[in-house]
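Q: Dropping a structure here in structure tokens format, bear with me for questions.
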Amino acid sequence: MDFTAQRLVFRPGDAGYDEEIAGFQTGFATRPAIVFGARSTDDVVAAVSYAAAHALPIGVQATGHGLPAASEGGVLVSTRRMDSVRVDAAARTVTVGAGARWGQVAEAAAPHGLAPLNGSAPGVGAVSYTLGGGLGILGREFGYAADHVRSLDVVTADGTPRHVTADGEPELFWGLLGGGANLGVVTDLEIDLVPVARLYGGAIAFDGSASDPAALLRGYEAWTRTLPDELTSSLSALVYPDLPQLPPHLRGRYLVSVRVAFTGTAAEGERLVAPLRELGDAVSDTLREMPYAESHTIHSDPDFPHAYYGDSVVLSGLDVAAAGELLALTGPAADAMHVVQINQLGGALARPAQNAVPFRDAGWLIRILSPLDGTDVAAARTVHAQAFGLVAPQTLGRSLNFAFGGGDRPDGLYDPETRKRLAELKATYDPANLFRRNYDVS
């Protein structure tokens with residue numbers, strides 16, 4: 001079949017090829033043999049069928065925050081044009097296309113007084129985020145985004161489009177949610193919205209050089225023991241680069257920040273965060289009531305493409321002494337910049353659900369992201385190994401959503417029972433292993 005005459009197809013050397021494979025992650029590069037710029041389910045079917053006929057591996061890319069390494073020398077399905085967002089306000093659901101970003105979804109839901117269970121960055125793809133589980137800024141109150149999926153439309157490795165629900169194909173439904181893009185290309189996803197129009201949130205930042213970061217961490221951990229599930233929070237620590245485009249209060253400073261999202265009243269939010277304000281003199285304090293559409297300002301994640309390597313661990317509990325050593329290792333004394341985030345889990349995140357999201361009993365998550373400007377992957381890996389080694393006694397595994405950038409280690413992403421069940425699904429729906437993720441489930 002002459003695909004070029006009918007579809008958007010790019011090969012190395014073609015005009016537009018480099019633009020089509022570019023994404024948010026610039027630290028790693030893959031060179032697919034052929035790229036399908038999908039605009040419809042039919043285009044996805046054509047891409048998967050082509051890959052199957054030529055025994056080529058398949059990668060999927062929407063925003064390019066992750067690395068579709070499976071497409072190296074194979075087929076890349078670029079879904080960024082499939083960015084439809086359809087809100088059903090009466091049913092409190094939204095159906096999102098494979099390329100839709102959370103910012104689009106939040107904007108579409110806001111006029112109805114509804115919100116999606118998105119993460120901190122509005123530029124992240126809604127579908128890929130949810131397939132990895134989806135740990136959002138309201139996670140302790142509502143659980144993982146994957147817990148709220150009603151249906152998925154997916155093209156499996158045999159080129160068959162399937163409408164998958166918990167009742168219709170329960171095992172495939174289970175495996176798609178938490179298993180990532182390892183069983184097919186999800187073209188549409190129907191997911192619940194929650195009745196949240198505003199929240200109390202923001203960040204309070206302390207000077208980590210003038211204060212004791214370990215003491216701030218101890219105070220934060222003690223504070224989290226008092227919180228209702230309606231408050232989701234995290235602590236971050238990083239040395240900001242001395243760049244003129246940054247605000248003066250950030251440039252070159254080591255800041256330890258606590259981020260907060262609370263769906264209760266502003267008055268109750270003020271009462272709950274009062275102990276945080278007693279931890280020290282704040283460099284900045286943005287805690288306030290806000291419309292949900294401004295929730296991305298809580299973390300203010302960078303919105304420009306850049307190079308990074310990162311990983312994460314989920315923990316049964318937080319050893320604050322060990323975590324304090326981790327902050328020291330990755331802070332100003334480090335040879336390169338490292339961004340540490342410590343998330344409190346629990347609450348609704350611990351509830352069982354009909355999906356493959358593992359480690360429900362985890363109490364904490366630690367992730368480290370290392371910009372690659374001025375360092376290299378090997379150096380970042382060394383620091384990560386040392387840092388995560390400090391919390392090894394409490395480690396249950398790793399988070400698929402936060403195996404960012406490199407994502408080059410398959411171990412630890414699932415508990416043995418979940419891994420076994422996913423392997424059985426893989427053998428049923430993709431026996432030729434066309435969807436070769438950066439991890440395996442064999």
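The values are calculated or read from the model by the stated rules, or taken from the named source; none is laboratory data. Because the structure is a prediction, the values reported are computed rather than measured. For neighbour counting, all protein chains shown are included, and Cβ atoms are generated from backbone atoms with ideal geometry for every residue, glycine included. For accessibility, only protein heavy atoms count, side chains too; no ligands or nucleic acids. Shrake-Rupley method; radii C 1.70, N 1.55, O 1.52, S 1.80 Å.
Q: Could you tell me which numbered condition ALA348 fails, if it satisfies all but one of (1) hydrophobic (A, V, I, L, M, F, W, C); (2) surrounded by fewer than 22 Cβ atoms within 10 Å (Cβ to Cβ); (3) part of a loop (DSSP other than H, G, I, E, B)?
A: So the condition that ALA348 fails would be (3).
Q: Sort out which residues of the range 318-345 are in contact (Cβ under 8 Å) with a residue 12 or more places away in the chain, assigned to a loop (DSSP other than H, G, I, E, B) and open to solvent by 20 Å² or more (accessible area, probe 1.4 Å), and write them in order of number.
A: LEU318, ASP319, PRO332, ALA334, ASP335, ALA336, MET337
Q: Check PRO410 against each of (1) closer than 30 Å to SER151 by Cβ; (2) at pLDDT 95 or above; (3) open to solvent by 40 Å² or more (accessible area, probe 1.4 Å); (4) not aromatic (Phe, Trp, Tyr) and name the one condition it does not meet.
A: So the condition that PRO410 fails would be (2).
Q: Another question, then. I need the full set of residues from the range 355-384 which are open to solvent by 50 Å² or more (accessible area, probe 1.4 Å) and at pLDDT 95 or above, in order please. Spell out how you get there, then give the answer.
A: Going residue by residue through the range 355-384, those that are open to solvent by 50 Å² or more (accessible area, probe 1.4 Å) are 361, 373-374, 376, 378, 381-382.
Residue satisfying the conditions is ASP361 alone.
Q: Looking only at residues that are open to solvent by 70 Å² or more (accessible area, probe 1.4 Å) and at pLDDT below 95 in the range 272-317, which one is farthest from GLY113 (Cα to Cα)?
A: Per the criteria, the residue is ASP281.
Q: I'd like the residue in the range 239-258 that is part of a strand (DSSP E or B) and touching a residue at least 60 places away in the same chain (Cβ under 8 Å) and, out of all such residues, is most open to solvent (accessible area, probe 1.4 Å).
A: Selected residue: VAL239.
Q: Looking at the range 171-215, which of its residues are touching a helix residue (DSSP H, G or I) at 6+ places or on another chain (Cβ under 9 Å), charged (D, E, K, R) and in contact (Cβ under 8 Å) with a residue 40 or more places away in the chain?
A: Passing the criteria: GLU171, ASP188, ASP192, ARG198.
Q: Taking the stated definitions as given, is PRO228 in contact with a Lys or Arg (Cβ under 9 Å, 6 or more places away or on another chain), open to solvent by 10 Å² or more (accessible area, probe 1.4 Å) and in contact (Cβ under 8 Å) with a residue 24 or more places away in the chain?
A: yes
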